[in-house]
Structure formats: structure tokens, C-alpha cells
Amino acid sequence: MKILIYFLLSLCLMSEVAFAVKAKTTTKEAPKKNTPFDVYELKGEQDGSTLLVIGGIHGDEPGGFFAPALLMDLYKVKKGKVIVIPNLNPDSILAFRRGIYKDMNRKFASIKRNDPDFDNVQAIKKIITSEEIDFIINLHDGHGFYREKWENSIFNPKAWGQTYVIDQKTLDNVPFGDLDSIAKQIESKLNQSLHYDFHTFGVRNTETRIKDEEQQNSLTFFAITHLKPALAIETSKNITELPLKTFYQISSIEALMEILGIEFERKFELNLENVAKKINDFGTLVINDNITLELSDIRNIINFTPLLAQKNHFEFTHPLGRTKRTKEGYEVYIGHKRITLLRPDIFPMQCDVKALEIELDGKASQAKFGETLDFQQNFLVKKLDGVRINVIGYSKKGIVSEHDILINKANIDGRYSLDKAKSIFRVEAYQGRNFCGMVNLRATK
């Protein structure tokens, strides 16, 4: 009898274990997916050729994603069209890795549906093969400096850096199908204005169809097999100055646009100094429509940032802007560069106040939340019934709400400024437990 009872108990235990194992194996997490990329369009008033510029297929090649970011932000097309994708592989850019889901540029011949890159690869394929696209460039940074003859481990025929890479010489019976000629025209123009003589560009023909099985999985080979002229621009990873790599990329794109008959104008003089300035202009970040942060000179950490517990909305003016949630708060990135960390102070935001009245150097101004206003000597926030004012960095014993107080810049602790220059200060408004919004006041000389 005991044996029978033990046997029955064993069967029950086994069934419970089996059920537990089954329950565990049938509980699946949502499949991981790469973040969707962004698409921008620069369209001229006159019709003409359409160029597709793709950046960021590899996340550790910043010349390949900062150049298109500058292109879409600082250029105006007058004739033709330029479609710009600065961040084809957003998650890898954020991680500053070639491909956190493996190499995206090896997934264009075939890709499984459960691959995290599947949606992005299929979406860019659709754009590449669309009827309006006349030419495609894929932007990269590659190792070394390409040379037709071996010189050393850095300067040699196997290097990818400083090359215009084509999969074959020509694409017959297709407009702009003479890839070799087009690449050599760009090469000739760029080699006339190098920062250093050893930065010379060359044309590298991989002869992909007959010689390079691995390259047959690439974006550019996918393009030409669908009768779309394409080439890759590779600046050297051995060039450590990001502005210089970006300058070469932008100059190459301009040379190609001229060949395609795309007419354009830019909002700056193209030189290394100006490119460096533009790269370090990180724009602004608007949070929940009631906070604006200027990112170019922002402090490394912003403490006590009023945020919602969930579903905060972040809107960047920079095309490579992104946030990353961590245990400490929200890290703010432009491309692969971490700009600041927002340490949250959680509040509800059910507030009906949208603006403050502020006297700046004695002159009354209406300030909407998210605005930045300038003052020289002092400011005073007018009282608003039911609203508590907090000037971050200002403190006076016994004061609950800092309204109707004339405040000089010297009265504010510079350590609490938003910027490293200690010139921009936060004026926050609260209604009961709710955060209403923030106005930035900038002290000018």
C-alpha cells in the first residue's frame, strides 16, 4: 500500500513539475526590435534627380551618421530631392557598437522575421526600390587608408578607409549607372582639398557578384541587383577627429549632388572650423511640452528634473537625439555622445497654468513654460494665485514661494545653473502637488 501511495505521489509531483516547466516555456517575452529609423526629405521647387543618403548602418562609425544629420539640418535643395536617413541602426548608434544585433549590412540577401533588425531592413529595402530613387549612398567609417599597392598594415589594398566603394563598374541601361566614372569624379574633386596629403581617397571595386560572397549580403549590392545605382563612402577610422571625417563625408555628398544635377544651398561656409561648430551644436530637448533644455553647454548632470512617473515625452531638434532610461534616471544622447543625465523628481502634471508674468530688468514679460528669456541685472516673478514659485539655486529663510522677490544673479548659487557657463537658471511653477512647468532665465552681460 505504501509503495502504491508513494508511486501516486510521485506521479502527482512529476505532473506538477511538468506543468511548471510547461508554464515557464510557454511564457514568452515580446521579441526585441530595433528602434525605427527617421526619414527626412529635402525637396526643391524644381523637379530633378532623387538621392537617398543612408547613415548609421554601423553604430560605431560616427562620420557615417553625423554627416547626414548636418545635411538635413543645414542644407536647402533648390532642384531635385535628397532623402536623408541619418540613423538606420538606432540601437547600435546608442550603444556605439557596429551592430548589437549582429551586422545589419550583412542582412540584405536574407533575414529572418524574428531578427531584431527585420523591420528596419525591410523598411529601407522598400525605400531603396521605390521608383523615385535615382542613386543611393551608404555612409561608413573604415579601417586604415586604401592604397592600390601594399605599403604597410595601415596603407594597403585591403583597407576600407578613404574609399568610394562600388560593387561593379557599371549598371547597364540605367541613368547614373556608370558607377566607376561617378566614383572617380568624386575622388578627383576630394583629393584636391585634403586636410593632409595622406588622406587621399581611392575607388575600390569589390566586384561583388564574382569575387565577394560576403559583400553580396550588403545594402549597396541589394540596391544594384534591383537596378539602383549605389556606392559606399568610407572615411578612415584612423582619422580620430570627428569634424574632419564629417567634412570629408559632406564634401563627397556635395560632389555627388553636383554630378546628379541636384542644386542646393547651405546655411554655412563649408570648412573644418564650421563643421566642428555644427557637430557640437546639440540643439534643444523639449520634455512634456513644459520644459526646454539647451543641450550644447548643459551640465553633465541635472538633478531634480521634474518628470512624470511614466510616459514622459522627449522631443529633440537634433536628428540624432535620444534618451536612455537607467537606474539613475534618463541619459540624454546625441548620436553616441552622452550629453547629460536627468535625475528625476516625480510629479503629476494636472495643472491649468501655462505661463508666468516675469519682470526682467523692470520690464514686464509674459513667459510661456519652456521658453528661455534673457535678463541683465535682475528679475521678479509676479504672484499667481494658487501657484508656488521655486527659483532653483535661490534660497531665503521662511520663504515658501519665491514670487514678488527682486532677485539678482548674484543671489543665485551658480552650482544650480542648467549650463556649465552658470548663466541659465530654472524658474519652476507648482499648483498644489502638480508641476506646471519651467521657464529658463539667462543672465547676459
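The values are calculated or read from the model by the stated rules, or taken from the named source; none is laboratory data. Since this is a predicted model, take the numbers as computed values, not measurements. Cβ sites come from the backbone with ideal geometry, for glycine too, and all protein chains shown count toward neighbours.
Annotations
- Hey, Asn408 in contact (Cβ under 8 Å) with a residue 24 or more places away in the chain, loosely packed, with under 13 Cβ neighbours inside 10 Å and touching a strand residue (DSSP E or B) at 6+ places or on another chain (Cβ under 6 Å) or not: yes
- Only one of Asn290, Asn271 that is over 29 Å from Lys76 (Cα atoms) and modelled with pLDDT of 95 or more: Asn290
So that you can scan it fast, the table gives a plain yes or no per residue for (1) in a strand (DSSP E or B); (2) charged (D, E, K, R):
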residue: Arg338; (1), (2): yes, yes
residue: Leu356; (1), (2): yes, no
residue: Ala364; (1), (2): yes, no
residue: Asp374; (1), (2): yes, yes
residue: Phe379; (1), (2): yes, no
residue: Lys383; (1), (2): no, yes
residue: Met438; (1), (2): yes, no
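- Residue that is surrounded by the most Cβ atoms within 10 Å (Cβ to Cβ) [pool: residues in segment 261-270 that are in contact with a helix residue (DSSP H, G or I) (Cβ under 9 Å, 6 or more places away or on another chain) and over 18 Å from Phe66 (Cβ atoms)]: Ile262
- Meets criteria (under 21 Å from Pro344 (Cα atoms), surrounded by 15 or more Cβ atoms within 10 Å (Cβ to Cβ) and under 38 Å from the mean Cα position of the chain (by Cα)) for Arg433: no
- Residue in segment 201-224 that is within 19 Å of Ile57 (Cβ to Cβ), touching a residue at least 60 places away in the same chain (Cβ under 8 Å) and in contact with a Leu (Cβ under 7 Å, 6 or more places away or on another chain) present: yes
One line per residue, one yes/no per condition, for (1) over 30 Å from Glu61 (Cβ atoms); (2) at pLDDT 95 or above; (3) among the β-branched types (Val, Ile, Thr):
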| site | (1), (2), (3) |
| --- | --- |
| His336 | no, yes, no |
| Pro344 | yes, yes, no |
| Lys363 | yes, yes, no |
| Asn378 | yes, yes, no |
| Ile389 | yes, yes, yes |
| Lys397 | yes, no, no |
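- Each residue in segment 78-95 was checked for being surrounded by fewer than 20 Cβ atoms within 10 Å (Cβ to Cβ) and more than 18 Å from Asp38 (Cα to Cα), and 2 pass.
- When Leu88, Leu71 are checked against the criterion of being in contact (Cβ under 8 Å) with a residue 12 or more places away in the chain and under 11 Å from the mean Cα position of the chain (by Cα), Leu88 stands alone in meeting it.
- Within segment 165-178, tally of residues that are surrounded by fewer than 23 Cβ atoms within 10 Å (Cβ to Cβ) and either under 28 Å from the mean Cα position of the chain (by Cα) or farther than 18 Å from Ile83 by Cβ (or both): 9
- From the list Leu295, Leu320, Leu360, the one residue that fits, being within 21 Å of Ala429 (Cβ to Cβ) and surrounded by 16 or more Cβ atoms within 10 Å (Cβ to Cβ), is Leu360.
- Among the residues of segment 69-123, those that are touching a strand residue (DSSP E or B) at 6+ places or on another chain (Cβ under 7 Å) and within 25 Å of Thr208 (Cβ to Cβ) comprise Ile83, Ile85, Leu88, Ser92.
Each row is one residue, and each column tells you yes or no for (1) among the β-branched types (Val, Ile, Thr); (2) more than 24 Å from the chain's Cα centre (by Cα).
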site	(1), (2)
Lys327	no, no
Arg343	no, no
Cys351	no, yes
Ala355	no, yes
Ile358	yes, yes
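- Selection status of Val77, among the hydrophobic types (A, V, I, L, M, F, W, C), touching a Lys or Arg at 6+ places or on another chain (Cβ under 8 Å) and without any contact (Cβ under 8 Å) to a residue 60 or more places away in the chain: no
- Segment 128-164: number of residues that are surrounded by 17 or more Cβ atoms within 10 Å (Cβ to Cβ) and not in a loop (DSSP other than H, G, I, E, B): 14
- Of residues in segment 301-333 being in a strand (DSSP E or B) and β-branched (Val, Ile, Thr), the one nearest to Ile291 (Cα to Cα): Thr305
- Exactly one residue out of Ser181, Ser188, Ser193 is surrounded by fewer than 20 Cβ atoms within 10 Å (Cβ to Cβ) and touching a residue at least 40 places away in the same chain (Cβ under 8 Å): that is Ser193.
- Yes/no for Glu273 being closer than 28 Å to Ala443 by Cα, surrounded by fewer than 17 Cβ atoms within 10 Å (Cβ to Cβ), out of contact with any Phe, Trp or Tyr (no Cβ under 8 Å at 6 or more places or on another chain) and assigned by TED's automatic domain parsing to the domain that holds Pro90: yes
- Of all positions in segment 172-190, at least one carries a residue that is part of a loop (DSSP other than H, G, I, E, B) and in contact with a helix residue (DSSP H, G or I) (Cβ under 8 Å, 6 or more places away or on another chain).
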